[in-house]
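Working notes for the structure below.
The values are calculated or read from the model by the stated rules, or taken from the named source; none is laboratory data. Predicted, not measured: the structure shown is a model, and the values here were computed from it. Cβ coordinates were reconstructed from backbone atoms using ideal geometry, including for glycine residues, and neighbour counts include every protein chain displayed. Remember, those area values only see protein heavy atoms, side chains included, never the ligands or the DNA or RNA. Shrake-Rupley method; radii C 1.70, N 1.55, O 1.52, S 1.80 Å.
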Amino acid sequence: MTPSPSPPAPAQPALGVRATARIRATRAGGATALPTLAGDGPFDLRRARPHGDQARVCILGAMSAPLGGDRLRIEATVDHGAHLHITTAAATIALRGPTDEHATYDVHLTAAEHASLQWLPQPLISAARSNLRQTCTIDLAPTARLLLREQVVLGRVGEPPGRLATRLTVHRDGRPLLDQHTMYGPGAPGWDGPAIAAGHRAIGQILIVDPALDQQPPHASLFGDDPAAGQAVLTPLAGPAVLITALASDTLHLHRLLNAARPLP
Amino acid sequence: MNRAALLVLADGRFPAGGHAHSGGAEEAVTAGRVRDVAGLEEFCRGRLHTSGLVAAGLAAAAAAGYEPLLLEEAADARTASPALRHTSRRLGRQLLRAARSAWPCAELEALAAARPRGAHQPVVLGLAARCAGLMPLDAAYAAAYESIGGPVTATVRLLRLDPFDATAVLARLAADLDHVAAAAAEAAQRIHADGPAALPAGSAPLLDIAAEQHATRAARLFAS
Amino acid sequence: MHLQHSDTFPDGHPHGSGGSSGERPGGRHRALRIGLGGPVGSGKTATVAALCRTLREELSIAVVTNDIYTREDAEFLLREAVLPAERITAVQTGACPHTAIRDDISANLEAVEDLEDHLGTLDLILIESGGDNLTATFSKGLVDAQIFVIDVAGGDDIPRKGGPGVTTSDLLVINKTDLAPHVGADLQAMARDAEAQRDRLPTVLTAVKTPGGIIPVADWIRARLADWTAHAA
């Protein structure tokens with residue numbers, strides 16, 4: 001038997017995009033500069049008008065993504081004392097694509113001492129028969145501040161959702177602050193039952209990490225008078241952070257709940 | 001190894017305070033989300049694969065000898081609701097009392113000294129399993145089973161369900177229990193190499209919302 | 001009726017983690033714990049309130065209530081201001097009040113420990129069970145002695161029927177004797193039946209809400225406390 005000249009290639013998705021977009025924000029005088037702003041594949045990065053000393057970046061989806069088999073990644077780093085705001089121009093729609101294989105969409109955010117980062121993308125829509133594994137991994141220095149909002153829509157109008165798994169992992173000063181893995185759609189046992197989503201199709205979270213919350217830890221509070229339309233809870237975490245979790249019948253009610261719990265700029 | 005100790009640890013009559021807790025079932029019943037046996041089964045399935053899996057992973061890791069105080073941090077990060085963190089620590093404190101009598105052991109004493117107000121219940125459960133001579137998989141089974149046994153017992157009382165129907169729910173979830181316990185034990189094997197991030201972090205939005213809602217109710221039968 | 005009964009206390013087992021130890025963690029002497037059980041409406045909460053009013057000047061007291069559904073008993077005691085709020089705590093019992101005082105006493109022990117941690121040295125902790133039936137009794141791991149409260153309006157045949165609460169409690173209180181003429185209860189028969197059921201354990205016939213009505217119960221507790229203090233010394 002003839003030895004093969006190279007080891008067999010690891011199993012690759014037959015089709016699918018591999019792309020990593022990179023953003024780096026640094027402090028430059030009284031402002032924040034963006035020495036790295038590198039789009040890739042479906043990610044087209046645009047510099048938006050700064051807001052005081054905060055730089056702003058908008059991610060434009062240059063093609064429909066993520067599709068099954070895609071391997072997408074966004075890395076954003078905020079250096080010491082810099083302030084960065086990132087949003088997306090439109091909702092992200094996970095679609096089935098040419099293969100049944102799952103897509104991955106990994107977001108890795110890092111904020112150094114005295115830096116602030118706002119990650120406020122438009123909703124992610126899990127279309128029928130899509131299969132997406134999303135991770136959002138965040139590393140914060142002790143004095144860094146974070147504002148994150150994630151919204152998920154389970155299925156387009158009148159269709160069931162695809163498979164959607166999202167892991168949100170936040171470390172502060174190297175210690176775990178928040179670690180949540182949510183799974184919806186086919187293959188996620190009990191996902192639409194009374195413990196998890198119970199018929200709601202729009203789910204959102206706002207996470208605020210701010211050392212100032214150590215001085216004034218908020219109390220847990222509830223929002224939403226009509227459980228059928230939606231409910232939200234604001235929960236102080238075991239650290240200087242609060243998490244707002246909202247469940248609603250649709251995005252309209254979700255926005256109302258999230259705004260009631262924490263109006264965003 | 002002493003497998004029979006698992007029967008003692010997982011027995012619903014083990015005096016560790018669980019009888020006064022519904023695992024979120026009381027709020028689900030009060031809110032009208034669980035009305036019958038079918039609703040109870042879906043509730044249990046969702047809880048088992050989220051907070052049950054998390055508890056099983058933490059318990060397996062503690063049983064494998066991983067540092068309990070690091071698991072405490074991991075449990076906090078996996079428990080967004082302060083009401084659920086409070087409940088977990090209360091139950092952990094009560095379990096610690098019972099376990100120290102049942103299986104006296106230096107590791108349980110050390111945890112009691114380090115956390116006089118209570119450690120997270122799954123961490124205590126795993127350590128108790130370790131002190132009882134059980135394996136990480138056994139601890140995962142105990143935690144996973146408890147995550148649905150409590151809600152089933154509570155719902156029998158709350159909705160006056162036929163107890164045979166309710167027990168059949170548990171029996172039907174046996175394969176899910178096998179799966180969850182195996183996944184938890186497998187994750188715990190990776191913790192020494194990969195740290196607590198290797199452990200499951202399943203999250204259920206309604207369990208968090210319901211736990212805080214329940215904590216505000218003036219009239220309730222169960223503590224959680 | 002007789003109030004002497006010094007054989008009330010379980011052996012002080014040396015295991016620190018269980019409930020029947022005479023010591024708190026750290027070796028400090030713990031408070032005497034008295035359980036109060038009995039059917040719904042027999043006057044358990046009224047007895048606790050009257051005991052607090054009578055004994056609070058001479059003893060450092062705290063109360064644990066085992067409310068069945070609400071915090072009603074705890075809130076009654078708060079409303080009546082029988083003790084400062086920090087001395088009253090409530091535990092939930094998961095629809096099984098007898099489990100919380102007998103089979104799985106964890107939540108009650110935790111409440112007791114928390115009171116002692118927050119309030120410092122206490123002399124007496126009263127643990128009131130949720131209203132239950134005639135079989136409810138307290139674990140020796142939770143209390144040092146238990147009082148069972150029944151009332152004449154509940155039927156003058158209760159002492160004759162017996163049951164663990166009537167036969168084994170360390171003190172049986174037959175309450176609301178002032179109602180006996182109105183409900184046609186035969187107090188002498190109740191006292192006779194109780195004596196027959198209870199071997200030599202003491203029984204008190206009284207009306208705790210009437211002036212001085214709590215005195216025999218308070219005196220019995222003072223005697224238990226004297227025994228407890230001597231026992232621990």
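Rounded to the nearest 20 debye, what is the charge dipole size of chain C about its Cα centre when +1 sits on each Lys and Arg Cβ and -1 on each Asp and Glu Cβ? Could the numbers behind the result be given before it?
Values: 21 positive and 33 negative charges, 60 e Å.
Charge dipole of chain C: 280 debye, to the nearest 20.
Can you give the Rg to Rh ratio of the protein assembly as shown, both from alpha-carbon atoms, with Rh computed by the Kirkwood formula? Could the numbers behind the result be given before it?
Working: Rg = 29.8 Å, Rh = 28.1 Å.
Dividing the radius of gyration by the Kirkwood radius yields 1.06.
With contacts defined as alpha carbon pairs under 8 Å and 6 or more residues apart, what's the relative contact order of chain C in percent?
Worked out over chain C, it gives 26 percent.
Pick out, from C:107, C:42, C:91, the residue whose Cα sits farthest towards the positive end of the charge dipole of chain C, with +1 on the Cβ of Lys and Arg and -1 on the Cβ of Asp and Glu.
Most positive-ward Cα: C:42.
Sort A:83, A:171, B:179 from largest to smallest accessible area, using a 1.4 Å probe on the heavy atoms of the protein chains.
Listed by decreasing accessible area, they come as B:179, A:171, A:83.
Most fluctuating residue of C:40, C:166, C:143 in a GNM of chain C with Cα springs under 10 Å: which is it?
Ranking C:40, C:166, C:143 by mean-square fluctuation puts C:40 first.
Among the complete DSSP H segments of chain C, which ones combine at least 18 Å of alpha-carbon extent along their axis with a mean Kyte-Doolittle hydropathy of 0.0 or more?
In chain C, the long hydrophobic H runs are C:215-232.
Below 8 Å, C-alpha to C-alpha, sequence gap of six or more: please give me the relative contact order for chain B in percent.
With pairs under 8 Å counted, the relative contact order is 38 percent.
What GluC sites (Glu not before Pro) in region C:45-81 are in a loop by DSSP, with at most 10 other Cβ atoms within 10 Å of the Cβ?
C:57
Let me check I've understood the local charge: for residue B:119, count other residues with C-beta under 10 angstrom from its C-beta, Lys and Arg +1, Asp and Glu -1. What total comes out? Walk me through the numbers on the way to the answer.
Working: positive: B:89, B:93, B:115, B:117; negative: B:72.
Net of charged neighbours comes to +3.
How about region A:222-265: which of its residues lose at least 50 Å² of accessible area in the presence of all protein chains relative to their chain isolated, using a 1.4 Å probe?
Going by heavy-atom accessible area, the residues of region A:222-265 that drop by at least 50 Å² are A:222, A:231, A:238.
Given a 1.4 Å probe, show me the residues in region B:18-40 buried by at least 40 Å² of accessible surface when comparing the whole protein assembly to the chain alone.
In region B:18-40, residues shielded by partner chains: B:19, B:33.
Leaving out ligands, DNA and RNA, calculate the buried accessible area for the pair C and B with a 1.4 Å probe, summed over both sides, in Å² to the nearest 100.
The C and B chains share an interface burying roughly 1900 Å².
Using the scaling law 2.2 N^0.38 Å as the reference, what is the normalised Cα Rg of region C:32-232? Please list the in-between numbers first.
Working: Rg = 15.8 Å, N = 201, 2.2 N^0.38 = 16.5 Å.
So the Cα radius of gyration is 0.96 times the expected 2.2 N^0.38 Å.
Tally up the carbon and sulfur contribution to the accessible surface of the protein assembly as shown as a whole percent, 1.4 Å probe, everything protein left in place.
53 percent
Could you tell me which of A:185, A:233, C:133 has its Cα farthest along the dipole of the protein assembly as shown towards the positive end, charges placed at Cβ (Lys, Arg +1; Asp, Glu -1), taken about the Cα centre?
A:185
Can you list the residues of region B:58-94 that have at least 10 square angstrom less accessible area with all protein chains present than in their chain by itself, probe 1.4 Å?
B:70, B:73, B:76, B:77, B:78, B:80, B:82, B:85, B:90, B:93, B:94
Ignoring everything except DSSP H segments at least 4 long, calculate the 222 nm mean residue ellipticity for chain B; use -39,500 (n - 2.57) per segment, divide by total residues, nearest 500.
-20500 deg cm²/dmol
Express in Å², to the nearest 10, the accessible area of residue C:56 obtained by rolling a 1.4 Å probe over the protein heavy atoms while all chains stay in place.
Estimated to the nearest 10 Å², residue C:56 gives 90 Å².
Taking the simple approach of a point 7 Å from Cα along Cα-to-Cβ for both residue B:186 and residue C:178, what is their distance in nm?
7.2 nm
Given Cβ point charges of +1 (Lys, Arg) and -1 (Asp, Glu) and nothing else, what value in debye, to the nearest 20, does the dipole of the protein assembly as shown about its Cα centre take?
Using only the charged Cβ atoms, the result is roughly 1660 debye.
Positive end of the dipole of chain B, charges at C-beta (+1 Lys, Arg; -1 Asp, Glu), about the Cα centre: which of B:113, B:144, B:124 has its Cα farthest in that direction?
Ranked along the dipole, the leading option is B:113.
Before rounding to the nearest 500, sum -39500 (n - 2.57) across all DSSP H runs of length at least 4 in chain C and divide by the residue total; then give [θ] at 222 nm in deg cm²/dmol. List each step's numbers first, then the result.
Details: 8 runs with 76 residues, N = 233.
-9500 deg cm²/dmol, from helical runs alone.
Accessible area per residue for chain A in Å², computed with a 1.4 Å probe and the full protein assembly in place, what is it?
Dividing the accessible area of chain A by its residue count gives 44 Å².
What is the interface area between chains B and A, defined as buried accessible area summed over both chains with a 1.4 Å probe, reported in Å² to the nearest 100?
So the total buried area for this chain pair works out to about 2600 Å².
When ligands, DNA and RNA are left out and all protein chains stay put, how many square angstrom of accessible area per residue does region C:114-233 have with a 1.4 Å probe?
Using a 1.4 Å probe on heavy atoms only, each residue of region C:114-233 averages 41 Å².
Once you charge only the Cβ atoms, +1 for Lys and Arg and -1 for Asp and Glu, what is the size of the charge dipole of region B:58-208 about its Cα centre, to the nearest 20 debye? Present the calculation step by step, with values, prior to reporting the outcome.
Details: 14 positive and 15 negative charges, 124 e Å.
Dipole of region B:58-208, to the nearest 20 debye: 600 debye.
Two-decimal Rg/Rh of region B:2-63 from alpha-carbon positions, Kirkwood Rh? Write down the numbers at each step before the final one.
Details: Rg = 14.1 Å, Rh = 13.5 Å.
Rounded to two decimals, Rg/Rh equals 1.04.
Take the alpha carbon gyration tensor of chain A, find the square roots of its eigenvalues, order them as a ≥ b ≥ c, and report rounded if a/c is under 1.5; if not, report prolate when a/b exceeds b/c, else oblate. Numbers along the way, then the final one.
Details: a/c = 1.71, a/b = 1.10, b/c = 1.55.
Oblate is the answer for chain A, as a/c is 1.5 or above yet b/c matches or exceeds a/b.
Find the accessible area per residue for region B:1-102; the probe is 1.4 Å, ligands and nucleic acids are left out, and the unit is Å². Each step should come with its number before you reach the end.
Working: 3380 Å² over 102 residues.
That works out to 33 Å² per residue.
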